[in-house]
Amino acid sequence: MSRTPYLAGNWKMHLTKRKASALARGVAAHQGENGNRKVAVFPAFVHLDHVRRNLKGSNVILGAQNCYGKKEGAFTGEISPYMLRDMGVQVVMVGHSERRHVFGESEDMLREKVKIALRAKLDVMLCVGETLAEREANDTFRVLARQMRALKVVKPEHASRVTVAYEPVWAIGTGETATPEMAQEAHAECRRLIAEIFDEASAQAMPILYGGSVKAGNAAELLSQPDIDGALVGGASLSIDDFGPILDAAN
Ligand code: 13P
């Protein structure tokens, strides 16, 4: 089955309001009317509304990098997925490795986030991936199995609103990329786990993106792997000169 290539830029804690708006316009212009690939950007919360306005009229998807696992309440400093939805956000990232490892988010918290985000009618991009120590201990598949269990809270009829991003932690921001073969192996395992949790048809339909030092120079080879359906790009998504060629590598 052919899945539409999906390219996403995770802007992390970068850019100013002006630069984020300009980059959004650049991505929208580069994407044009292209219907053969899905493109999403994930700006910082405070830039979401500016980016939304600059994406208007384009088919670029607006994403948020995180949300809290509750609808509303006394949670100072947190953002509800319902607020994101109200702001025009379409998809929210859950479980990015920086959330897991820098901010110590637990599997329980992430499960709550997945559940409430879908209830708020946001799509979910669940990020998974092993650390270097876990890979060296041959624990990659065990880690993926544990992290992918968050999808068990997803009702089968909502499976089509979920995307998985495999990002080996050791490849994020390090310049070190998984070889296409390593990435393919992990993606195939993620797809097998999706089939176990839902069914084979959902597994075949669900996009699985690769992330970790994706650049113009390695994107095409990664994207040519049978189970790699797209890329979640950090550093190289921060300028259209870098991100544009990655988008084009999907063609
Ligand atoms: P880099 O592309 O900068 O390695 O970041 C990857 C990432 O974490 C995307 O979510």
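The values are calculated or read from the model by the stated rules, or taken from the named source; none is laboratory data. Everything quoted here is computed from the prediction, not taken from an experiment. So basically every Cβ, Gly included, is an ideal-geometry build from the backbone, and we count neighbours across all protein chains shown. SASA here: full protein model, heavy atoms, side chains in, ligands and nucleic acids out. Shrake-Rupley method; radii C 1.70, N 1.55, O 1.52, S 1.80 Å.
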Neighbours by Cβ (under 6 Å, 6+ apart or cross-chain): first from region 230-251, under 22 Å from Gln184 (Cβ atoms) and modelled with pLDDT under 95; second open to solvent by 20 Å² or more (accessible area, probe 1.4 Å) and of a type outside the set (Lys, Arg): Ala250/Pro5; Ala250/Leu223
Lone qualifier among Gly63, Gly69 - being assigned to a strand (DSSP E or B), out of contact with any His (no Cβ under 8 Å at 6 or more places or on another chain) and within 19 Å of His158 (Cα to Cα): Gly63
Among the candidates Val60, Val46, residue that is under 18 Å from Leu238 (Cα atoms) and more than 18 Å from the chain's Cα centre (by Cα): Val46
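Yes/no matrix, rows are residues, columns are (1) open to solvent by 30 Å² or more (accessible area, probe 1.4 Å); (2) over 19 Å from Ile246 (Cα atoms):
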residue	(1), (2)
Val27	no, no
Asn34	yes, no
Lys38	yes, no
Val41	no, no
Gly63	no, no
Cys67	no, yes
Lys70	yes, yes
Phe75	yes, yes
Ile79	yes, yes
Residue list for region 96-113, filter: within 11 Å of the ligand (Cβ to nearest atom) and touching a strand residue (DSSP E or B) at 6+ places or on another chain (Cβ under 7 Å): His96, Ser97
Residue under evaluation Gly175, criteria (1) at pLDDT 95 or above; (2) within 19 Å of His96 (Cα to Cα), criterion not met: (1)
All positions within region 72-86 that are in a loop (DSSP other than H, G, I, E, B) and more than 17 Å from Lys115 (Cβ to Cβ): Ala74, Thr76, Gly77
All helices (runs of 4 or more DSSP H) inside region 133-251 with 2 or more residues being within 13 Å of the ligand (Cβ to nearest atom) and open to solvent by less than 10 Å² (accessible area, probe 1.4 Å): 216-223, 240-249
Answer from Ser160, Ser213, Ser239 - the residue that is hydroxyl-bearing (Ser, Thr, Tyr) and more than 17 Å from the chain's Cα centre (by Cα): Ser239
